[in-house]
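The values are calculated or read from the model by the stated rules, or taken from the named source; none is laboratory data. In this text the structure is predicted, and so the values were computed from the model without any measurement. Backbone-built Cβ (ideal geometry, glycine too); neighbour counts: all protein chains shown. Each accessible area value is taken on the protein alone, full model and side chains, heavy atoms only, with ligands, DNA and RNA left out. Shrake-Rupley method; radii C 1.70, N 1.55, O 1.52, S 1.80 Å.
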Amino acid sequence: MIDLRSLVPLDTRTVLESVSRTGRLFTVEENPRLCGWGAEVASIAAEECVWDLDGPIVRITTPHIPLPSAAGLEDLAIPSVERVVETVLASS
């Protein structure tokens, strides 16, 4: 797992080395799927490591809705540990 704490500058070397080594890329973010940083990381990996990938790039995001301000609804929208694990296992 790589925890990208900074998007500028983006540590592409670490990401690309990991994708080349594992053959997989999963991104998890608390934003909608469209136009997020996960999309940018996915496009860089697809461009640079397409032949190293053993499966599709998977982006785990919030639904394409405004993020709810109510705590209970927000918890339902943000990717949970359980949802991340289920998605990774289903994709393996």
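A few comments on the model shown:
- Taking the listed residues A71, A42, A46, the one that is in contact with a strand residue (DSSP E or B) (Cβ under 8 Å, 6 or more places away or on another chain) and either small (G, A, S) or at pLDDT 90 or above (or both) is A42, with no other qualifying.
- Looking across the stretch 50-69, the residues that are free of Cβ contacts under 8 Å to residues at least 12 places away in the same chain and not in a helix (DSSP H, G or I) come down to P66, P68, S69.
- Residues satisfying the stated conditions in the stretch 1-49, i.e. over 17 Å from V88 (Cα atoms), open to solvent by less than 70 Å² (accessible area, probe 1.4 Å), assigned to a helix (DSSP H, G or I) and hydrophobic (A, V, I, L, M, F, W, C): V15, L16, A39, V41, I44, A45, A46, C49
- Residues of the stretch 50-71 satisfying the condition of being open to solvent by less than 60 Å² (accessible area, probe 1.4 Å) and either touching a Ser or Thr at 6+ places or on another chain (Cβ under 8 Å) or hydroxyl-bearing (S, T, Y) (or both): G55, I57, V58, R59, I60, T61, T62
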